[in-house]
Amino acid sequence: MAGTRRFTALHALGLTLLLGVPALAADSAPPPVLSGLDVLVEHGFSELRGLRVGLISNQTGRDRKGRTSVQIFANASGMTLSALFSPEHGFAGVSEDSSVVSGIFALPDGRTIPLYSLYGATRTPTAEMLSGLDALVFDIQDAGARFYTYSTTMALSLEAAARAGIDYVVLDRPNPVNGDSLEGPVLEEGLRSFISYLRVPVRHGFTMGELARLHNLGAGLGAKLTILPLKGWRRSMWYDQTGLPWTRPSPNLPDLASAALYPGLACFEPFNVSVGRGTPMPFRWVGAPWLDAAAALKRLKAAGLPGVEFSLAAFTPEKDIFKGVACPGVRVNVIDRDAARPLRVFAHMAAVLRDLHPGPLKVDYERLTRMVGSRRFVELYKAGAPAAELEAALSAGLDEFRARRAAFLLY
């Protein structure tokens, strides 16, 4: 493949850039962060020169100036944008349907190219879709949680590129909820699904480029993988410390406040409670018509969980479960995001719901097992185990994972 040597050299350059970043003085401000897309633009697209490219992206693929990756790729000289691929929620990032159809995309110069949905009839690029391409380029902002399906789309498309013998390039982006904090059990063997594909904890602390590196090496794919690294990013950074523009990665993650709690409160999706979809507090509030919110609040306050405060709040969701129905509930307020542990919040809230309302509470345990990634957690929960035991189950495999992950870190 024409671009193989060029990509190999770029990978070496990327690592040189990372290793050559000087340490910050204690009193200095961090440098502005450049995404992998910004780096590619800075290089004048030289790494893709002469290649026919398929771009996997959505509304989050933007540079520091707010320009979309498809606009930038369409206007880049020396390469050809030949196809687009979109993940869950579609290319515009607004669909909440269970399937998104493929179509045709009109470029600014009047050309039309295929837009293939990877959340429709197929979720893996087919040989026909990849025919005529020299490389796939991935540019999507992740949310930092294992069950956020963009990482699955990356993994499946990486596998497809390896089978087709074409290059795969990740334009790296920050983990929005920092790259240091790890939470939740490592996905157990036999529980792999589209919503939990990689054997990492729920809150994995990786960038998408690092996840690609882990999958390529860990699964022995042998893909021609290149990662254009972030410049200026530190693992301790939250997204609002990068200077990069925030674009909601999906319809119900409007801001970083929701993203900070998403790895924990999203675990309530298999429960018959509202997690705030259709309210001003998506993934920052849990409610139901049958919930004794005052009793739940009392127990949650007594738990003394670090980094969060709980308060009463009632909403009438405009969509999803309990649409149009008034729901008393409990709001979760993050007061110290570095200390807050959303999976720990989930464990305590789940125990409270079960203990207070064993009758009206319903849980899709098969879905919960796939999301959390732990059969042990679900067994304990069904058996009435206290929150402390549930917390312990949510830490399964973390120590081993911390040691193993070092081999895949780029920053």
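The values are calculated or read from the model by the stated rules, or taken from the named source; none is laboratory data. Since the structure is predicted, the reported quantities are computational estimates derived from the model, not experimental observations. Here the Cβ positions follow ideal geometry from the backbone for every residue, glycine too, while neighbour counts run over all protein chains shown.
Can you pull out the residues in the range 335-383 that are of a type in the set (D, E, K, R) and surrounded by 14 or more Cβ atoms within 10 Å (Cβ to Cβ)?
In the first step, residues of the range 335-383 are kept if they are of a type in the set (D, E, K, R); the result is 336-338, 341, 344, 354-355, 362, 364, 366-367, 370, 375-376, 379, 382.
Passing the criteria: ARG337, ARG341, ARG344, ARG354, ASP355, ARG367, ARG370, ARG375, ARG376.
Kindly indicate whether any position in the range 63-76 is of a type in the set (D, E, K, R) and closer than 21 Å to SER157 by Cα. Show your work before the answer.
In the first step, residues of the range 63-76 are kept if they are of a type in the set (D, E, K, R); the result is 63-65, 67.
Remaining after also requiring closer than 21 Å to SER157 by Cα: none.
So far as the range 63-76 goes, no, none of its residues is of a type in the set (D, E, K, R) and closer than 21 Å to SER157 by Cα.
Which ranges mark the strands (runs of 3 or more DSSP E) fully within the range 62-152 that have 2 or more residues being surrounded by fewer than 21 Cβ atoms within 10 Å (Cβ to Cβ), free of Cβ contacts under 8 Å to residues at least 12 places away in the same chain and not acidic (Asp, Glu)?
103-106
Within the range 196-231, work out how many residues are assigned to a loop (DSSP other than H, G, I, E, B) and surrounded by fewer than 18 Cβ atoms within 10 Å (Cβ to Cβ).
So the first thing to find is which residues in the range 196-231 are assigned to a loop (DSSP other than H, G, I, E, B), and the list is 197-202, 204-207, 219-223, 229-230.
Checking the rest, the ones that are also surrounded by fewer than 18 Cβ atoms within 10 Å (Cβ to Cβ) come to 219-220, 222.
Residues flagged as assigned to a loop (DSSP other than H, G, I, E, B) and surrounded by fewer than 18 Cβ atoms within 10 Å (Cβ to Cβ) within the range 196-231 amount to 3.
Looking at the structure I just gave you, is ALA387 in contact with a helix residue (DSSP H, G or I) (Cβ under 9 Å, 6 or more places away or on another chain) and buried (at least 17 other Cβ atoms within 10 Å of the Cβ)?
yes
Considering each of ARG277, ARG235 in turn, give the residue that is in a loop (DSSP other than H, G, I, E, B) and in the same structural domain as GLY184 (by TED's automatic domain parsing).
Working: ARG277 fails: in the same structural domain as GLY184 (by TED's automatic domain parsing).
Result of the check over ARG277, ARG235: ARG235.
Could you identify the single residue in ARG370, ARG375, ARG277 that is closer than 26 Å to PRO254 by Cβ and in contact (Cβ under 8 Å) with a residue 60 or more places away in the chain? I'd like the intermediate steps shown before the answer.
Details: ARG375 fails: closer than 26 Å to PRO254 by Cβ; ARG277 fails: in contact (Cβ under 8 Å) with a residue 60 or more places away in the chain.
Result of the check over ARG370, ARG375, ARG277: ARG370.
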